[in-house]
1. Give the aspartates and glutamates reachable from LYS43 as a straight Cα distance under 15 Å; neighbours fewer than 8 places away on the same chain don't count.
2. Using unit Cβ charges (K, R positive; D, E negative) and no other charged atoms, how large, in debye to the nearest 20, is the dipole of the chain about its Cα centre?
3. Rounded to the nearest 10 Å², what accessible area does LYS84 have for a 1.4 Å probe in the complete protein model?
4. Dividing the alpha-carbon Rg of segment 1-71 by 2.2 N^0.38 Å yields what?
5. Going toward the positive end of the dipole of the chain, with +1 on Lys and Arg Cβ and -1 on Asp and Glu Cβ, which of ASN96, THR28, ALA50 do you reach last?
6. Which residue fluctuates most in the GNM of the chain (Cα springs below 10 Å): ARG101, ARG19, ARG45?
7. Quick one: compute the contact order of the chain, relative version, from alpha carbon pairs under 8 angstrom and 6+ residues apart, as a percent.
8. At q = 0.14, 0.15 Å⁻¹, work out log10 I(q)/I(0) for the chain with the Debye formula, treating every Cα as an identical point scatterer and leaving solvent out; two decimals please.
Amino acid sequence: QVQLVESGGGLVQAGDSLRLSCAASGRTFSTDFMAWFRQAPGKEREFVAAIKWSGYYADSVRGRFTISRDNAKNMVYLQMNSLKPEDTAIYYCAANDQGWRFMVAAEYNYWGQGTQVTVSS
């Protein structure tokens, strides 16, 4: 059974850092696009970052967030620095084993349950 499990969310103040982790199991994900999306209350799910062999970022997080992966451990990480209140959302890990449109949520066929990140001002 394929599973993605996120961890590392929490309540922080503006300017703080958090590191999210995503543990993948059930098969090998080493050739997949792995990504982080987020969804704030009342808003649509939006792309944050993705990685296959290199990282890709939404404009809103570029320079503050870093995505990385450890294929030996089937892990994906999102290091979030200089957090802002507008980063508050549920963050989801996702895997895409078939497409190249890495910014499109519909391309991803595996999803985690999400982890809450709240940034206070």
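The values are calculated or read from the model by the stated rules, or taken from the named source; none is laboratory data. Remember, it's a predicted structure, so these values are computed and weren't measured experimentally. Note that we place each Cβ from the backbone using ideal geometry, even for glycine, and neighbour counts take in every protein chain shown. When the accessible area is computed, the model is the full protein with side chains, heavy atoms only, and any ligands, DNA or RNA have been set aside. Shrake-Rupley method; radii C 1.70, N 1.55, O 1.52, S 1.80 Å.
1. GLU86, ASP87
2. Numbers: 12 positive and 11 negative charges, 30 e Å.
Here the size comes out at about 140 debye.
3. 80
4. On the way: Rg = 13.2 Å, N = 71, 2.2 N^0.38 = 11.1 Å.
Dividing the Cα Rg of segment 1-71 by 2.2 N^0.38 Å gives 1.19.
5. THR28
6. ARG101
7. Values: 297 pairs, mean separation 43.3, N = 121.
Rounded, it is 36 percent for the chain.
8. -0.51, -0.59
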